[in-house]
Each structure stands twice: as C-alpha cells, then as structure tokens.
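Novice: My structure is below; once you've seen it, I'll send some questions.
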Amino acid sequence: MILIVDVSEFQGTVAWGQVKASGVAGAIPKATQYRIDRQHATNHGGIPNAGLPHGCYHFLCWDQPGGPQASFYLGAAGDFGPGTFPPVLDFERYQGQLPTSQHVDDFLHEIEQTTSRRVLVYGNRGDLAQLGSLFIGRVDVWLADYGPNNGQPNGDPAHVRASTQFPASDVKLWQYTSVGKVAGIAGPCDVSMWLGSQAELDAYVNPQSQVHIQSVPQPQPAPPVHYQEDNVTKIPVHIPALDDQGNGNFMVPGVAGRVVSVKMNGSDAGGYVPPPRWDSFAIGPDEKVKLYGGTPHGVLDLTVWVVG
C-alpha cells in the first residue's frame, strides 16, 4: 500500500524522518481552521526536509464566508510547487453543521485565482453527497470511509473508489482509519491509502510534469467581429491543449472587456467536455482567461464573446 498520513497539533511534534523510514509516502497535516494550527510551521518544514511529498489542509467552517477562509489558508500554505499535494479542503460537520455548497464554491474560486491545480476535497460519503454533482470535474476527492475503524483498510479499494457521485478516477485517496499507528507519531493518527500507482502519485505531487497551457496567439479562422449596437465582440480562439486536469489558459487577442460566454465551435469527436466555468472579469488586451474542469484534450477551437 502507498500510505499518506495526516496530523494536527493534537499529535504534537512529529519525527518525520521516522515516519518516512516506516514506509509512509507523504503527509497532509492541518494548516488552518479559524487560526493557524500550532504545529503547522513545524510540520510544513519538517515533512519536505524528511524527503516526503507534503501538503496541508483547511477545515472549512460554516459560520464564515468561504472566500476569506481560502485567502487565510493560502497565506499559511505557501506555494503548491514540485513535491507538494494540491490545495486541500476539509469538508465535514463542525458543531453538527455542514458548510454549504456556496461556501465550497467561494473557497474554490479564491484558490483558483492562485493556482491551476485542482483542489482535493476531503469528506465522508454522506457529506460529499450533499454537494450533488455541482463540483464534478472541478475537484478531486479524498474519501473518509473507516468501516469498523480498527486501523486496517476494510473493503476493496476499487469499490471504495467507485462509491461516490464523483468519477472513480477523481477519487485519489481513501482515509481508512483514524486510529493508525505510525512510527514517529505519538498516539493514533489518520492514515490514508493512495488509490493509484507510485508513478501516478509522483505525477500528482509534481505539477511540472503536467502539460500546461501556454499563451496562444495562433492563426485564427476569422478575425474578431465587433457588434457596435451591443458593444459585443465575437472572437475565434484556438487552444492547442488542456492540461491533464482539464484546465487551461487562452488569450483574448487585442480586446479589452469582460468575457461573457465561451462556446466550442462545432462537434468534437475527441470527447471533449466543456469546462463548467471560466474566469469572467474585466480584462485588458492580450490578457489570459482561465478555463476550469474540462476533459484533458488537445486542439480546441472556441468562440469567445467579450462585452466592452
């Protein structure tokens, strides 16, 4: 098994060298919930110093807006570069109450302004079901499913992976116990199984291995057309590829305004699923616009409508 641990200040100081020597492949400790976790700084430095892939998570609170929580988390988390897990959102009940999908959307939107990496959302099956299909294609999943919670994985990982409303390939981790025993960690801790190969984990924690979209001034099938009466410009845009998470950037050449629509031109035999969202904001000439949560794909021809 490829094991990932998560801890918080309740585990005290962790000997991360011992954790690695025990065979653990990575760690995602707590970073923030109302305040910064007291062990965050120590863990966030100690994990990479031990040679382990590292990340950190934010516990989403229902009594505060999601956007400011994301900003606070980003300030503590730092970069999401090589050797790191993506941003992680802990979606579960606190004081008996679950955050809303609006909390989640606002949190994600703030994170997505900073990194193209897809957020990893932690939760149990029942809580995640409350989100319905809203975030399919936009997030990955870290599923908590303990069974008898005896320190061992109980069940078939493939079955567990396919047990949520999310595509099985988007369920990356299975937290199978909260009473794991790991050398270097005092007391019980959460232990998860990476639901993929070591090569897939290596790629997941090394975003430079992804195919990122570059700015695209490409030959266009037609020049932009401006409709004076509505102050709207119709712009053909060519994108050579989306990255392996279905995200990408494209250029709106020579036009300033606000993106109000992104449409795919014609049919697409390659099975492309259009992204559910894009950044719609005031842009200057030749600035990038981000697409989120499509299907990894190459060569897209889009029509973009810009007001302004």
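The numbers here are math on the coordinates, done by the rules we state, and not lab data. No experiment lies behind these values; they were computed from the predicted model shown. Methodologically, a virtual Cβ is constructed for each residue, glycine included, from the backbone with ideal geometry; neighbour enumeration extends over all protein chains shown.
Novice: Determine the shape class of segment 3-209: with a ≥ b ≥ c the square roots of the Cα gyration tensor eigenvalues, call it rounded for a/c under 1.5, and otherwise prolate if a/b is greater than b/c, oblate otherwise.
Specialist: rounded
Novice: Right, next: What nm value, rounded to one decimal, do you get for the distance between THR100 and ALA183 when each label is placed 7 Å out toward the C-beta?
Specialist: That separation, rounded to one decimal, is 5.0 nm.
Novice: Sticking with this one: Could you check what % of the DSSP bridge pairs in segment 134-194 are antiparallel, to the nearest 5? Kindly include the intermediate steps, with their values, before the conclusion.
Specialist: Details: 5 of 9 bridges.
DSSP beta bridges in segment 134-194 are roughly 55 percent antiparallel.
Novice: Next question, about the same structure. How much length, in nm to one decimal, is gained on full extension between ILE136 and ARG93, taken as 0.36 nm per residue of separation minus their Cα-Cα distance?
Specialist: Here the answer is 13.4 nm.
Novice: Run the numbers for ALA203 and ASP127: contour at 0.36 nm per residue of separation, minus the present Cα-Cα distance, in nm.
Specialist: Values: separation 76, 0.36 × 76 = 27.36 nm, distance 2.84 nm.
Taking ALA203 through ASP127 to full extension adds about 24.5 nm, to one decimal.
Novice: Amide H neighbours of ASP140 under 5 Å, at least 5 residues apart or on other chains, H built in the peptide plane: list them.
Specialist: Those qualifying (amide H under 5 Å, at least 5 residues apart or on another chain) are VAL119, LEU120, VAL121.
Novice: Related question: If the chain between SER71 and GLN18 were fully stretched, how many nm would it gain, using 0.36 nm times the residue separation less the Cα-Cα distance? Present the calculation step by step, with values, prior to reporting the outcome.
Specialist: Working: separation 53, 0.36 × 53 = 19.08 nm, distance 3.29 nm.
Computed gain between SER71 and GLN18 is 15.8 nm.
Novice: Based on DSSP, what percent of beta bridges with both residues in segment 1-157 are antiparallel, to the nearest 5? All intermediate terms of the calculation are to be shown ahead of the outcome.
Specialist: On the way: 3 of 20 bridges.
Of all bridge pairs located within segment 1-157, approximately 15 percent are antiparallel.
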